[in-house]
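The values are calculated or read from the model by the stated rules, or taken from the named source; none is laboratory data. Computed from a prediction, not measured in an experiment: that's the story for all the values here. All Cβ positions, even for glycine, are placed from backbone atoms using ideal geometry, and neighbour counts span all protein chains on display. Quick note on the areas: whole protein, heavy atoms, side chains included, nothing else; ligands and nucleic acids left out. Shrake-Rupley method; radii C 1.70, N 1.55, O 1.52, S 1.80 Å.
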Amino acid sequence: MSEFLMVAVPGVLDYLREIVDEMVRLFHISRAEAVARVNDVWGHLSFTESPDLIEHEMPEYWAERIYYADYPPTTVQPAPSLDSGCWTVGGTSS
C-alpha cells in the first residue's frame, strides 16, 4: 500500500516521492509531514498515466508550491492537522 491517498500509477508514485524528498531537503521537515502535505493538496486527485502533467515540472517546483501558501514564497502553509487523515506515515510534524 502506498503512503499517498491518491490513486496513482507507479511512475507518478515515484515522482511524488521525489517531491517529498525535496521538501525534506529544502525545508528540513520530517518525511511524515512532507507526505501529509502532498496528501492534503493532491489526495483527492487521480494520476492514472505517466508521465502526468505534474511531471513536466521539477520536484523542487512542486515542493515549494505545496510548502508555501503563496508565490513568491514568503508564508509557510500550515501542515495539515493530525486528525485530517493526511498523515499516513509514522512520525509527527517538525
With a probe of 1.4 Å, find how much accessible area the range 10-94 has per residue, and write the answer as a whole number in Å².
-> 56 Å²
With every protein chain left in place, what is the accessible area of Ser84 in Å² (1.4 Å probe, nearest 10)?
-> 50 Å²
Solvent-accessible ranking of Val7, Val38, largest area first, probe 1.4 Å = Val7, Val38
Net dipole in debye of the chain [+1 Lys, Arg Cβ; -1 Asp, Glu Cβ; about Cα centre; nearest 20] = 260 debye
Would you check the accessible area of Asp70, probe 1.4 Å, heavy atoms only, in square angstrom rounded to 10?
-> 50 Å²
Could you state how much accessible area His28 has, in square angstrom rounded to the nearest 10, with a 1.4 Å probe and all protein chains kept in place?
-> 150 Å²
Full-extension gain in nm, Asp14 to Tyr71, via 0.36 nm per residue minus C-alpha separation | 18.0 nm
Under a plain spin-label model, where a point goes 7 Å from the Cα along Cα-to-Cβ, how far apart in nm are Thr88 and Leu45?
-> 1.4 nm
Three semi-axes of the equivalent ellipsoid, the range 42-85, Cα gyration tensor, whole Å, largest first = 22, 17, 6
